[in-house]
Amino acid sequence: MPLPVPVLPEGVDPAWLPPAAFRAVGGRRTLIRGSGPLAETVHGEVAEACRRFGGRVVCDARPGDAAYDLVLDLGDEGLGADDLGEEGFACAREGGTTTVTASGGRGLLYGLFHVVRLGEAAFTGGWAPERHRPALALRMLDHWDNVAVHPVMGQVERGYAGGSLFWEDGRARGDLERVRAYGRLLAACGINAVAVNNVNVHETEAHLLTDRIGEVAAIADVLRPYGVRTHLSVSFAAPVVLGGLPTADPLDEAVRGWWAAATRRVYEAIPDFGGYVVKADSEGQPGPFAYGRSHADGANLLAAAVGPFGGTVHWRAFVYDHRQDWRDRTTDRARAAYDHFVPLDGEFAPNAVLQVKHGPMDFQVREPVSPLIGAMPRTRLAVELQVTQEYTGQQRHVCWLGPMWSQVLRFRHGPESSVAERARGGLVAVSNAGDDPFWTGHPLAQANLYTFGRLAWRPDAEPREVLDEWIGLTFPEASERLSDGLHAVLDGSWRTYEKYTAPLGVGWMVQTGHHYGPSVDGYEYSPWGTYHFADRDGIGVDRSVASGTGYAGQYGKPWAELYESPDTCPDELLLFFHHVPYGHLLQSGTTVLQHIYDTHFEGVEEVEEAREVWASLAGLVDRARHARVAERYEEQLSSAREWRDQINSYFFRKSGVPDERGRRIY
Ligand code: GCV
């Protein structure tokens with residue numbers, strides 16, 4: 001039975017799967033061979049395309065029974081699908097027939113979406129056979145969604161796209177059709193796992209593990225046909241909070257028994273459950289430190305519980321002192337994850353994955369790649385990115401993060417392997433989606449979600465080409481003008497955002513709590529370990545080995561040496577690694593202070609230009625989308641001006657040195 005394509009509620013944007021994206025697949029004679037739930041999903045997709053655009057689809061006939069334009073073959077024969085794994089697919093074109101072969105259901109579905117992306121080209125001329133396999137087995141989204149609305153953080157922590165897709169009024173949504181549509185969008189960009197609740201596990205959410213597992217199972221049921229497995233964030237204190245035990249000590253037998261029993265019940269409800277995500281001893285969450293145990297002890301406790309069922313524990317490495325004394329210059333938050341976890345390398349169970357944020361701090365617009373990723377060869381690591389734009393404009397600003405992620409994934413700590421190669425435990429990102437009609441608040445932020453999925457599949461893909469794919473799917477009738485316009489506003493938007501916000505890798509300077517808008521000293525005298533140390537003479541954090549916190553020494557060659565000296569440290573990270581005078585000459589030839597002035601003026605000018613480009617696209621994109629983006633550009637521009645003026649005035653007042661070009665500073 002074909003699985004019907006999800007029906008979107010009135011007014012909800014189809015994002016990168018509008019019906020017209022399937023025009024080339026419709027209008028064909030298609031044969032689907034093979035059976036199983038994902039073959040039914042594929043069948044439903046093709047049937048819907050045929051319903052709209054003509055053509056017909058036949059299931060399970062023997063090849064050769066008739067001539068087909070498209071054969072979607074779930075089996076071991078044909079194009080040597082045997083070494084493609086569950087998710088790979090091969091495709092070829094011969095004698096007027098395009099064939100996709102896969103040995104697993106997910107592979108077949110990904111193969112179909114590949115054909116959708118190719119459009120007419122999939123059915124034109126001849127082309128060389130192709131084989132596709134994801135570089136990373138786990139491509140996952142973490143949702144920081146609360147089941148019950150949190151008094152401070154709301155329904156979705158750091159969510160800028162309305163309410164949760166999964167939860168409403170303290171329960172799983174009764175109607176999960178939109179979640180089904182989400183699963184379909186995720187499959188179309190290659191994402192295969194979702195954690196459905198916040199890593200900060202409050203009391204209501206803790207119960208999802210036990211008496212409320214049925215709600216998670218209902219979500220898992222609608223995601224499964226799209227090849228998306230469901231994961232759950234759990235509280236390390238669950239044996240105490242839910243089980244009534246006096247302790248959550250990972251070495252206590254009763255605690256181990258409690259986790260084993262609770263996990264067995266989870267798998268009874270969700271047989272293909274992916275596993276647990278854990279934030280422990282981090283920003284107030286409970287963890288093994290309370291019992292004098294290590295994080296390997298903690299992670300292995302849960303790994304033992306999910307292990308018999310094939311599950312995984314994603315144990316987050318975001319462990320640092322969030323109650324630091326700002327007067328204390330010896331403690332450096334950037335060092336913390338490395339200091340905590342490197343001594344544990346080799347101690348984690350094979351199904352315990354250490355999930356490391358890509359930078360050592362917290363998703364700032366510019367950070368070096370975390371040294372921890374290069375320092376734990378005997379541990380399975382997952383790298384965590386942030387698609388939700390907490391520090392990059394909160395989906396009110398255009399900030400396409402593809403180029404940043406691509407740099408991170410290609411970074412090599414040493415000669416042997418890139419970050420993507422070290423991420424054997426997968427690539428994970430905090431989702432930016434919610435129940436907003438455009439899914440992501442800012443319609444152009446959809447490009448970030450799509451790009452994340454595609455880079456997780458192929459980390460060496462050119463981000464610009466991924467953006468082309470997104471444009472082609474989202475706007476199937478896009479003219480060259482529209483496509484050029486979209487590139488013009490998106491391609492450089494991350495660098496534009498960087499220009500008008502915190503300079504040269506120093507980070508923060510945001511308003512406290514919600515993290516939107518400028519406040520240069522917002523976190524300067526706070527306990528969070530996020531300082532810039534600006535005074536009348538200079539700015540930046542000395543993280544050198546010679547005179548600073550020693551963080552630069554956490555890298556191997558060549559980075560440790562490169563970062564150690566202000567003369568060789570890349571400009572864009574200078575203030576992350578060094579405290580320098582305002583007159584310090586950058587490699588670009590300008591002084592730090594003049595760079596700050598110049599980039600802040602430029603950043604605002606670039607937003608003004610982008611706003612104009614967007615205005616010129618009216619009539620080329622649908623009205624609602626155009627209006628929403630136009631409205632957000634007004635906000636972005638006014639916020640960018642505020643950033644420019646606060647930052648420039650702050651440094652002018654501190655240093656007394658005017659802009660050499662005499663522009664207006666307050
Ligand atoms: C879910 C930052 C965010 C928090 C988030 C935390 C984390 O501190 O501001 O909202 O908590 O990162 O990644 O756990």
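The values are calculated or read from the model by the stated rules, or taken from the named source; none is laboratory data. Since this is a predicted model, take the numbers as computed values, not measurements. Because the Cβ atoms are built from the backbone with ideal geometry, glycine has one as well, and the counts that use them run over all protein chains shown. SASA here: full protein model, heavy atoms, side chains in, ligands and nucleic acids out. Shrake-Rupley method; radii C 1.70, N 1.55, O 1.52, S 1.80 Å.
This table checks each residue for (1) in the same structural domain as residue 425 (by TED's automatic domain parsing); (2) of a type in the set (D, E, K, R); (3) touching a Cys at 6+ places or on another chain (Cβ under 8 Å); (4) within 22 Å of residue 459 (Cα to Cα).
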site	(1), (2), (3), (4)
180	yes, yes, no, no
189	yes, no, no, yes
193	yes, no, no, yes
213	yes, no, no, no
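Residues that are assigned to a strand (DSSP E or B) and within 16 Å of the ligand (Cβ to nearest atom) within region 154-190 comprise 154, 155, 156, 167, listed in sequence order. Taken as a whole, region 255-267 holds no residue that is under 23 Å from residue 165 (Cβ atoms) and within 16 Å of the ligand (Cβ to nearest atom).
Restricting the search to region 383-407, which residues are among the β-branched types (Val, Ile, Thr) and either surrounded by fewer than 24 Cβ atoms within 10 Å (Cβ to Cβ) or within 16 Å of the ligand (Cβ to nearest atom) (or both)?
Restricting attention to region 383-407, the residues satisfying the condition of being among the β-branched types (Val, Ile, Thr) are 383, 387-388, 392, 398.
Correct list: 383, 387, 388, 392.
In region 615-624 there is no residue that is part of a helix (DSSP H, G or I) and of a type in the set (Asp, Glu).
Summed over region 438-482, the residues that are at positive phi and touching an Asp or Glu at 6+ places or on another chain (Cβ under 8 Å) give a count of 1.
For first residues located in region 264-284 and within 19 Å of residue 219 (Cα to Cα), partners that are open to solvent by 40 Å² or more (accessible area, probe 1.4 Å) and lie 6+ apart or on another chain with Cβ distances below 6 Å form the pairs 267/309; 272/229; 274/229.
Restricting to region 24-48, what's the tally of residues that are open to solvent by less than 30 Å² (accessible area, probe 1.4 Å) and in contact (Cβ under 8 Å) with a residue 40 or more places away in the chain?
Initially, region 24-48 is screened for residues open to solvent by less than 30 Å² (accessible area, probe 1.4 Å), giving 24-26, 30-32, 34, 36, 38-39, 41-42, 44-46.
Narrowing the set further to residues that are in contact (Cβ under 8 Å) with a residue 40 or more places away in the chain leaves 24-25, 30-32, 34, 36, 38-39, 41-42, 44-46.
Looking only at that region, the number is 14.
In the condition set (1) surrounded by 21 or more Cβ atoms within 10 Å (Cβ to Cβ); (2) part of a helix (DSSP H, G or I), residue 505 is compliant with all but (2).
Just so you know, in region 462-477 the residues that are part of a loop (DSSP other than H, G, I, E, B) and surrounded by fewer than 18 Cβ atoms within 10 Å (Cβ to Cβ) include one that is nearest to the chain's Cα centre (by Cα), and it is 462. If I go through region 124-153 residue by residue, how many of them are open to solvent by 20 Å² or more (accessible area, probe 1.4 Å) and not in a loop (DSSP other than H, G, I, E, B)? Total meeting the criteria: 6.
Here is a list of conditions, (1) open to solvent by less than 10 Å² (accessible area, probe 1.4 Å); (2) within 15 Å of residue 210 (Cβ to Cβ), and residue 240 meets all of them except one; can you say which number that is? Looking at each condition in turn, residue 240 falls short on (1). In the set 193, 248, only one residue is away from the ligand (no atom under 16 Å from the Cβ), more than 27 Å from the chain's Cα centre (by Cα) and buried (at least 23 other Cβ atoms within 10 Å of the Cβ); that residue is 248.
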